[in-house]
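> One structure coming up, written as structure tokens, with questions to follow.
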Amino acid sequence: MTLQLDARIPAGPLAGKWDRHRFEMKLVNPANKRKYTVIVVGSGLAGGAAAASLSELGYNVRCYCYQDSPRRAHSIAAQGGINAAKNYQNDGDSIQRLFYDTIKGGDFRSREANVYRLAQISVNIIDQCVSQGVPFAREYGGLLANRSFGGAQVSRTFYARGQTGQQLLLGAYQALEKEIAKGGVTMFPRAEMLDLIVVNGRARGIVVRDELTGKIEPHLADAVVLATGGYGNVFYLSTNAKGCNATAIWRAYKRGAAFANPCYTQIHPTCIPVAGEHQSKLTLMSESLRNDGRVWVPKRKEDVGKSPTDVPEQDRDYYLERKYPSFGNLSPRDIASRAAKEACDDGRGVGPGGRGVYLDFADAIKRLGEDKIRERYGNLFEMYERITAENPYKVPMRIYPAVHYTMGGLWVDYNLMSTIPGLHVAGEANFSDHGANRLGASALMQGLADGYFVIPLTIGDYLASTKLEQVGADNAEVRAAVAEVERRTSRLLGIKGKRTVAQFHRELGRIMWEYCGMARDAAGLRKAMELIPQLREEFWRDVMIPGSGAELNQTLEHAGRVADFLELGELMCRDALHREESCGGHFRTEHQTPDGEALRDDEHFAYVAAWEYGGEGREPVLNKEPLVYENIKLSQRSYK
Amino acid sequence: MNLTLQVWRQPGPTAEGGLKEYKATDVSPDMSFLEMLDVVNERLIEKGEMPIAFDHDCREGICGSCGMMINGVAHGPSRGTATCQLHMRSFRDGDTIVIEPWRARAFPVIKDLVVNRGALDRIIAAGGYITAPTGSAQDANSIPVPKQDADASMDAAACIGCGACVAACPNGSASLFTGAKISHLGLLPQGQPERYRRALSMVAQMDIEGFGGCTLFGECQAACPKEISIDVISRMNRDFLRAAVTKPAERSGGGGDG
């Protein structure tokens, strides 16, 4: 171990840590804030909220996104909702319960202090969003409505139809535009970060390629925040947007930021199944549907070819209700996904290739009427029908698990600072709060908690307690970083091989899904670790990128991202191989209970695996942050 | 299915563009329109040619990145559907499909089917927000909002900012886009303090950006992938008119930097 992993968790009782920390943090006085420049990469919930809030405080902010507008960040696609411990339903919710549910949902692999803070801040988020004009669903009395999500027995999820992420993002985006108009934020759309600039051990800027002109330039600052989302697209097919990528965090990793728990991947149980070879992405059907939909497959293999309406009630296996009677269809995502895979592996899957299960609304429609169901999920049902040409009001939906979220990410301390001083990481890009499995409606909560309420304070503490020297574009480390990006870009363009970027990406995805997907074992992971370097080598020898670097070149952009996925995929397999236990979304078939549930090994693996880049051609170094539970008793997770 | 495509190719903002013909063969009816273009692009790349540039990201109809004129119709033939959610089963074997970028003075072409929609961001920056700095909020349930108002606000807030309304409008007007934001915020109690100021500055920004005026053709609501009603334009006009007539002089003093 070479890194000092100090999580900098404040002392004192859990409930008072954040308060105490806020008092102990150093402040930058209002007149001095405008002397500091902060770079925020990414404009989703975490990045957009951080950029707007930092600017409101008075900092100079520069914000970057690869899309043509900050409003298009992939947070926009989150459907179901956002959790908060408001206890408006009087059903026994509390900060303590949200904290406990999140730790348990993450299969006891997250950091207590961070998760407790998240639960505390959750209530402020809802207040903030309502005051910005987020049109959350309401009851007739005018008060906010709630629904239930997986892994919880209370109703604490706030929502705006099936478009909660969109509405929350628009709130942050509008605040961001307000600050842009005021001059506090300079926005760089269609700009991609291709490297991190580290000067004297501190993050001092980024190297950016302007996607329209191809210009590669250094952008310098006093601190850098990465809020660039997750890396699910390493699997090629995922529910992520096509542009989602790991390049920013991967470049930071290669500059010295530790990468934590890369193998923790969330496979979401309810997505529209793959239709054919041409498939370019997968579409999620919100977990909220499991409030009213019942998941089933035929009991007998002979019945899988039948129309679902011809399978009588007694011949259906409502397997989630059968196996997990107390949580039923609202079991957590990792458990529901594995159960679907099991049913399909058993030959009882439905639809093309037998990779699908039914999500049936017939009972709910009988109970509540079609209108009520339309009000709750209308846009999701329409989306389903547009894609499949089937009417889910009449026939059950067919769904199958798909890659959705990555719990792993850059290692951060309590201040959300990585192992590189000055480099902060927020939202899905960090590893901090969800352990080995994220609960539904918690990603939006974490993104906004980080962006609105944590980063704006901890950045101030960093700046107030650090002496920074002047760094200009002529600095040797800055020039070297720019030269490195230029070299890499021209190398990619110079290959002029025979195979397309998408072909390599699809092939990598196939390897990852096969060997590092819903179920993993040592032999498969070793095999993947042989296949991936071979594919990487072929990529750098045979990829075809037409055109030049001095223009809008979407193939070049994609190639750079796939090149990084080809390295990250191997690290994910390495991490999955070393973690000789099953926990949450990481399921090693060698480690399971007699009834097929994940079997943790707390004695040996109750730690965060923080991988440190070892240099070109050398193996990465494993560092461990032990997870200490002072307030929660570790137990076998049960949803039965 | 086998199709013939006529696609607008334009290498750069100042270069001349024109329609170019491509064959799309073995198209599956289950493909989305963008997946069909992916296949065409893959073949172009294999030949070392530049693929057709188009904006896209989420491919589930919510990010608003994609958008093209398909046989002269913004987002193509399916009502309430963004280009990425349009599927090839909407076409027939042997069809010829003409694909062009959004056409509007305020949306200059960048390359092929990619246009610059930055003007829409600047309209939002002009006033499409509620000033509520982080940390200043009161409890979320302290102001009840009638369900009907919250629902109507949500209807307008569903706008994805794709620009189809502008592209469909014979005048190149952004009124549906702007009206949707003015309605989303104006229907909520939280949006009242800035309501009239917002209408004035957002409408003024539309003019600055070179969008045309609205003469109520109604093409915008027909093209909108979120089926936002043209009623939002009436609401914008009412707020604008009232603001223009009653505009109080803004005085400084008394606190606040607004």
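> Which numbered condition trips up residue A:367, out of (1) part of a helix (DSSP H, G or I); (2) over 30 Å from residue A:103 (Cβ atoms); (3) within 14 Å of chain B (Cβ to nearest Cβ)?
Here residue A:367 clears every test but (3).
> Here are some conditions: (1) touching a residue at least 24 places away in the same chain (Cβ under 8 Å); (2) within 14 Å of chain B (Cβ to nearest Cβ); (3) surrounded by fewer than 24 Cβ atoms within 10 Å (Cβ to Cβ). Residue A:222 meets all but one. Which one does it not meet?
Here residue A:222 meets the rest and fails (2).
> List every residue pair whose Cβ atoms lie under 7 Å apart, where the two residues are 6 or more positions apart in sequence or sit on different chains, the first residue falls within region A:481-497 and is more than 23 Å from residue A:201 (Cβ to Cβ), and the second residue, located anywhere, is polar (S, T, N, Q) and assigned to a loop (DSSP other than H, G, I, E, B).
A:493/A:548
> Related question: Right, residue A:94: more than 21 Å from the chain's Cα centre (by Cα), small (Gly, Ala, Ser) and more than 14 Å from chain B (Cβ to nearest Cβ) or not?
Yes: the conditions hold for residue A:94.
> Among the candidates A:369, A:356, A:351, which residue alone is more than 26 Å from the chain's Cα centre (by Cα) and in contact (Cβ under 8 Å) with a residue 60 or more places away in the chain?
Of the residues listed, the single one that is more than 26 Å from the chain's Cα centre (by Cα) and in contact (Cβ under 8 Å) with a residue 60 or more places away in the chain is A:351.
> I've got another one for you. Of everything in region A:136-154 that's at pLDDT 95 or above and among the small types (Gly, Ala, Ser), which residue is surrounded by the fewest Cβ atoms within 10 Å (Cβ to Cβ)?
A:141
> Among the residues of region B:38-96, what is the count of those that are more than 28 Å from residue A:506 (Cα to Cα), aliphatic (A, V, I, L, M) and touching a Leu at 6+ places or on another chain (Cβ under 8 Å)?
1
> On to the next question. Yes or no: region B:198-216 includes at least one residue that is in a helix (DSSP H, G or I), touching a Leu at 6+ places or on another chain (Cβ under 6 Å) and within 14 Å of another protein chain (Cβ to nearest Cβ).
No, that holds for no residue.
> Within region A:39-58, track down each residue that is at negative phi, more than 13 Å from every other protein chain (Cβ to nearest Cβ) and in a loop (DSSP other than H, G, I, E, B).
none
> At least 3 residues that are over 21 Å from residue A:234 (Cβ atoms) and of a type in the set (A, V, I, L, M, F, W, C) in each: list the helices (runs of 4 or more DSSP H) lying fully within region A:434-550 that qualify.
Result: A:443-448, A:455-464, A:476-495.
> Looking at residue A:102 and the list (1) buried (at least 24 other Cβ atoms within 10 Å of the Cβ); (2) within 13 Å of another protein chain (Cβ to nearest Cβ), which single condition is not satisfied?
Result: residue A:102 fails condition (2) only.
> To continue, here is another question. Among the listed residues A:423, A:468, which satisfies the condition of being within 26 Å of residue A:169 (Cα to Cα) and at pLDDT 95 or above?
Checking each option against the conditions leaves just A:423.
> Which condition from (1) closer than 21 Å to residue A:331 by Cα; (2) buried (at least 22 other Cβ atoms within 10 Å of the Cβ); (3) more than 25 Å from the chain's Cα centre (by Cα) is the one that residue A:553 breaks?
Exception for residue A:553: condition (1).
> Filter region B:65-99 down to residues that are in a loop (DSSP other than H, G, I, E, B) and of a type in the set (Lys, Arg) and give me whichever is modelled with the highest pLDDT.
Selected residue: B:92.
> Looking only at residues in region B:1-56 that are free of Cβ contacts under 8 Å to residues at least 12 places away in the same chain and more than 14 Å from chain A (Cβ to nearest Cβ), which one is farthest from residue B:88 (Cα to Cα)?
Result: B:16.
> So the check is Cβ under 6 Å with 6+ separation or different chains; which pairs have a first residue in region A:111-128 that's without any contact (Cβ under 8 Å) to a residue 12 or more places away in the chain and a second one that's crowded, with 21+ Cβ neighbours inside 10 Å and among the hydrophobic types (A, V, I, L, M, F, W, C)?
Close Cβ pairs satisfying both conditions: A:127/B:140.
> Filter region A:272-296 down to the residues that are within 8 Å of chain B (Cβ to nearest Cβ), hydrophobic (A, V, I, L, M, F, W, C) and touching a Cys at 6+ places or on another chain (Cβ under 7 Å) and list them by number.
A:284
> For region A:507-528, which positions are over 16 Å from residue A:588 (Cα atoms) and either buried (at least 17 other Cβ atoms within 10 Å of the Cβ) or not assigned by TED's automatic domain parsing to the domain that holds residue A:563 (or both)?
Answer for region A:507-528, where residues must be over 16 Å from residue A:588 (Cα atoms) and either buried (at least 17 other Cβ atoms within 10 Å of the Cβ) or not assigned by TED's automatic domain parsing to the domain that holds residue A:563 (or both): A:507, A:508, A:509, A:511.
> Would you confirm, using the coordinates I've provided, whether residue A:373 is in a helix (DSSP H, G or I) and β-branched (Val, Ile, Thr)?
yes
> Name the residues in region A:413-433 that are in a loop (DSSP other than H, G, I, E, B) and closer than 17 Å to residue A:452 by Cα, would you?
A:414, A:415, A:416, A:426, A:432, A:433
> Report whether or not residue B:229 is at pLDDT 95 or above, more than 23 Å from residue B:66 (Cβ to Cβ) and among the polar types (S, T, N, Q).
It is false that residue B:229 is at pLDDT 95 or above, more than 23 Å from residue B:66 (Cβ to Cβ) and among the polar types (S, T, N, Q).
> Right, residue B:75: over 17 Å from residue A:554 (Cα atoms), buried (at least 22 other Cβ atoms within 10 Å of the Cβ) and either of a type outside the set (A, V, I, L, M, F, W, C) or more than 9 Å from chain A (Cβ to nearest Cβ) (or both) or not?
Criteria met by residue B:75.
> Okay, moving on. Somewhere in region A:177-188, is a residue within 22 Å of residue B:153 (Cβ to Cβ) and more than 7 Å from chain B (Cβ to nearest Cβ)?
no
> Let me ask something else about it. I need a count of the residues in region B:79-99 that are more than 14 Å from residue B:31 (Cβ to Cβ) and either within 14 Å of another protein chain (Cβ to nearest Cβ) or free of Cβ contacts under 8 Å to residues at least 60 places away in the same chain (or both).
Qualifying residue count for the region: 4.
> Could you please tell me which pairs satisfy a Cβ distance under 6 Å, a separation of 6+ or placement on different chains, a first residue in region A:7-23 that is free of Cβ contacts under 8 Å to residues at least 60 places away in the same chain, and a second residue that is part of a helix (DSSP H, G or I)?
Qualifying pairs under 6 Å: A:12/A:20.
The values are calculated or read from the model by the stated rules, or taken from the named source; none is laboratory data. Everything quoted here is computed from the prediction, not taken from an experiment. Virtual Cβ from ideal backbone geometry, glycine too; neighbours counted across all protein chains shown.
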